[in-house]
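Here the structure is laid out as structure tokens; the discussion comes afterwards.
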Amino acid sequence: MLSKKMQDALNQQVNAEYFSSYLYLSMAAYFQAENLNGMATWMKKQSQEELMHALKIFDYIDSRGGKVTLTAIDAPETAWKSPLAVFEATCKHEAHVTSLIHNLVNLAKAEKDHATESFLIWFVNEQVEEEDTAQQIVAKLKLVKDAPSGIFLMDRELGMRA
């Protein structure tokens with residue numbers, strides 16, 4: 001059984017994961033408007049992955065006898081200066097999500113909720129991957145700068161995301 005404090009914190013994380021999905025979908029819309037369909041595809045897949053994270057926590061709350069409470073999702077940003085700016089925003093957002101996950105782990109430890117702590121380790125590991133991937137894309141975009149051929153190649157590469 002989840003404590004009320006843990007249940008509320010997990011519900012907040014469900015909302016944060018839905019916001020992440022919404023943010024990445026907004027980024028996909030930006031890329032589509034810029035005719036960068038490969039980057040749009042990458043962001044759509046990222047959006048779907050964040051939705052999966054929300055549902056994973058949603059199901060966990062239920063499996064522990066908790067009550068899922070959905071709240072309003074904030075509107076995401078809709079415009080950026082460049083593909084680099086989008087992926088820098090992605091890095092910043094993933095670092096924020098990592099801090100939220102770490103706070104959940106700390107709460108689970110404080111609550112002596114070993115099951116939730118164990119459950120959250122998957123998310124800790126996932127965030128390492130998420131941050132690393134975003135940082136690698138930023139590094140490549142910094143190498144490319146504004147070279148159209150480089151942006152074209154990055155668009156093509158990111159569009160091949162499985």
Worksheet item: In the stretch 102-143, how many are within 26 Å of Lys81 (Cα to Cα) and either in contact with a His (Cβ under 6 Å, 6 or more places away or on another chain) or free of Cβ contacts under 8 Å to residues at least 12 places away in the same chain (or both)?
Response: 6
Worksheet item: Only one of these conditions is not met by Val14: (1) touching a helix residue (DSSP H, G or I) at 6+ places or on another chain (Cβ under 6 Å); (2) under 22 Å from Ala162 (Cα atoms). Which number is it?
Response: (2)
Worksheet item: Taking the condition at pLDDT 95 or above, surrounded by 15 or more Cβ atoms within 10 Å (Cβ to Cβ), assigned to a helix (DSSP H, G or I) and not charged (D, E, K, R), does Leu143 pass?
Response: no
Practice prompt. Identify, from the list Leu36, Leu2, Leu55, the residue that is crowded, with 18+ Cβ neighbours inside 10 Å and closer than 23 Å to Ser118 by Cα.
Written response: Leu2
Worksheet, complete the sentence: Restricted to the stretch 79-135 and to residues being outside any helix (DSSP H, G or I) and of a type in the set (Gly, Ala, Ser), the residue surrounded by the fewest Cβ atoms within 10 Å (Cβ to Cβ) is Ala79
Discussion item. For the stretch 53-67, check the following and say yes or no: at least one residue is outside any helix (DSSP H, G or I), over 19 Å from the mean Cα position of the chain (by Cα) and of a type in the set (Asp, Glu).
Written reply: no
Worksheet item: In this structure, does Leu2 turn out to be without any contact (Cβ under 8 Å) to a residue 12 or more places away in the chain and closer than 23 Å to Ala108 by Cβ?
Response: no
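The values are calculated or read from the model by the stated rules, or taken from the named source; none is laboratory data. The shown structure was predicted, so the numbers you read here are calculated from the model rather than taken from an experiment. As a convention, Cβ positions derive from the backbone with ideal geometry for all residues, glycine included, and neighbour counts pool all protein chains shown.
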